[in-house]
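To start, I am sharing the structure in question, which I have written as structure tokens.
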Amino acid sequence: MAPGIFHKLFGFGRQSEDEDAVPGQKISRRSTGFGEFIRAISREEGLKILDLGSTSPANITFMTGLGHRFRQEDLLRLAGDKSLLIPNGEGGSVIDEERFLRENLCFSREEFDAVMFWDLADFLAEPLVKPVIERIQVAMKPGGIMLAFFHTKDAGPDAPFYRYNIMSKDTLELQPVRGFRLQRVFNNRHVENLFREYASKKFFLGRDNIREVLVIR
């Protein structure tokens with residue numbers, strides 16, 4: 001496959017994956033939730049996996065190595081498009097939710113077996129959080145699994161945003177990325193409400209102010 005085609009298919013054409021990365025600050029993190037996610041998708045090959053985090057060649061390599069089909073959509077980059085901002089009538093601006101959903105995340109119904117949502121809900125603009133979760137639900141197959149992370153109340157407003165690179169079946173490499181600020185912290189009740197239309201939820205509390213959640217469609 002020609003390099004240009006590869007980049008277009010996997011989302012590298014917009015910019016280099018290292019353009020906004022903070023150099024020399026990668027962190028290795030064991031993840032119980034991710035380990036269970038991998039076990040769930042390792043029972044068969046040929047699943048379709050959606051990664052909504054920052055573009056990661058490591059994730060492409062890992063998932064295709066398991067025999068799965070892989071799709072990458074850099075959700076926060078898409079939501080950060082300044083052309084999506086419209087006046088809010090109070091001298092400020094707000095994201096055009098309808099246009100965003102019309103132009104992005106245009107998936108087929110029941111297209112994906114598994115979704116890696118990471119901690120995007122904590123950084124996503126408020127008007128998009130619920131509509132995006134609902135869009136993903138429609139795109140997931142019944143019984144499909146989603147992995148999501150949420151900051152706990154002990155996380156400060158300057159908590160860094162990370163690119164999650166898969167290193168092994170239970171280990172992630174966290175690479176800080178500039179340009180995104182923590183917007184909110186969900187408590188357990190908020191998370192339950194966010195996924196109330198999903199079949200089940202399982203929580204894991206990490207040691208670094210992160211709550212890991214596995215959600216079943």
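With each label point set 7 Å from Cα along the Cα-Cβ vector, what nm distance links K169 and S108?
A separation of 3.0 nm, rounded to one decimal place.
Around E197, what is the net charge, scoring Lys/Arg as +1 and Asp/Glu as -1 over all other residues with Cβ under 14 Å from its Cβ? All intermediate terms of the calculation are to be shown ahead of the outcome.
On the way: positive: K130, R135, R196, K201, R217; negative: E134, E192.
Charge balance near E197 sits at +3.
Classify the chain: rounded, prolate or oblate, from the alpha-carbon gyration tensor (a ≥ b ≥ c, eigenvalue square roots; a/c under 1.5 rounded; otherwise prolate if a/b is larger than b/c)?
Rounded.
Also: Sorted by packing (mean other beta-carbon atoms within 10 Å per residue), highest first, where do 130-140, 176-186 land? List each step's numbers first, then the result.
On the way: 130-140: 18.0, 176-186: 15.4.
My ranking of the peptides, most packed first, is 130-140, 176-186.
Quick check on my link table: of K48/K153; K26/K202; K82/K202, which ones sit more than 31 Å apart, alpha carbon to alpha carbon?
Checking Cα-Cα distances, K48/K153; K82/K202 exceed 31 Å.
Determine ³J(HN,Hα), in whole Hz, for all residues of the range 81-98 in sequence, where each value follows from phi through the Karplus function 6.51 cos²θ - 1.76 cosθ + 1.60 and θ = phi - 60°; x replaces Gly and Pro.
Result, rounded to whole Hz: 5, 4, 5, 7, 7, 10, x, 9, x, 10, x, x, 9, 9, 6, 7, 4, 5.
Run the simple label-point estimate for K141 and R99 please: 7 Å along Cα→C-beta, distance reported in nm.
Each label point is offset 7 Å from its Cα along the Cβ direction, giving 3.6 nm.
Still on this model: Expected output is a single nm value to one decimal: the length gained when fully extending between N209 and E197, i.e. 0.36 nm times separation in residues minus the C-alpha distance. What is it?
So the chain would gain 1.7 nm between N209 and E197.
Could you work out [θ]222 nm for the chain from helices alone, using -39500 (n - 2.57) per DSSP H run of at least four and dividing by all its residues? Round to the nearest 500 deg cm²/dmol. Don't jump to the answer; show the numbers that get you there.
On the way: 8 runs with 64 residues, N = 217.
Rounded to the nearest 500, the figure is -8000 deg cm²/dmol.
Would you mind calculating the gained length between Q25 and L66 on full extension (0.36 nm times residue separation, minus the Cα-Cα distance), in nm to one decimal?
Gain in length upon complete extension: 11.9 nm.
Dipole magnitude of the chain about its Cα centre, charges +1 at Lys/Arg Cβ and -1 at Asp/Glu Cβ only, in debye to the nearest 20?
460 debye
Taking a virtual spin label 7 Å from the Cα of D154 along the C-beta vector, which residues in the range 162-197 bring their backbone nitrogen under 16 Å of it?
Flagged as within label range: 186-188.
How would you classify the range 106-152 from its alpha-carbon gyration tensor, with a ≥ b ≥ c the square roots of the eigenvalues: rounded for a/c under 1.5, else prolate if a/b is greater than b/c, otherwise oblate?
oblate
Something else: Among 68-79, 99-110, how do they line up from the highest to the lowest mean number of other beta-carbon atoms within 10 Å? Mind dumping the intermediate values first?
Details: 68-79: 18.4, 99-110: 13.7.
Highest to lowest by the protection proxy: 68-79, 99-110.
With the Cα gyration tensor of the range 41-117 giving a ≥ b ≥ c as the square roots of its eigenvalues, does the rule (a/c under 1.5 for rounded; else a/b larger than b/c for prolate; else oblate) give rounded, prolate or oblate?
Judged from the Cα gyration tensor, the range 41-117 comes out prolate (a/c at least 1.5, a/b above b/c).
How far apart, in nm, are the 7 Å Cα→Cβ label points at K130 and S83?
Roughly 2.9 nm, to one decimal.
Moving on. What is the fewest-to-most order of S200, S93 by other Cβ atoms lying within 10 Å of their Cβ?
With the sparsest Cβ surroundings first, the list reads S200, S93.
Values quoted throughout were computed directly from the atomic coordinates according to the rules given, and no laboratory measurement underlies them. This one's a predicted model, so the numbers in the text were calculated from it and none came from an experiment. FYI the Cβ positions are ideal-geometry reconstructions off the backbone, even for glycines, and counts take in every protein chain you see.
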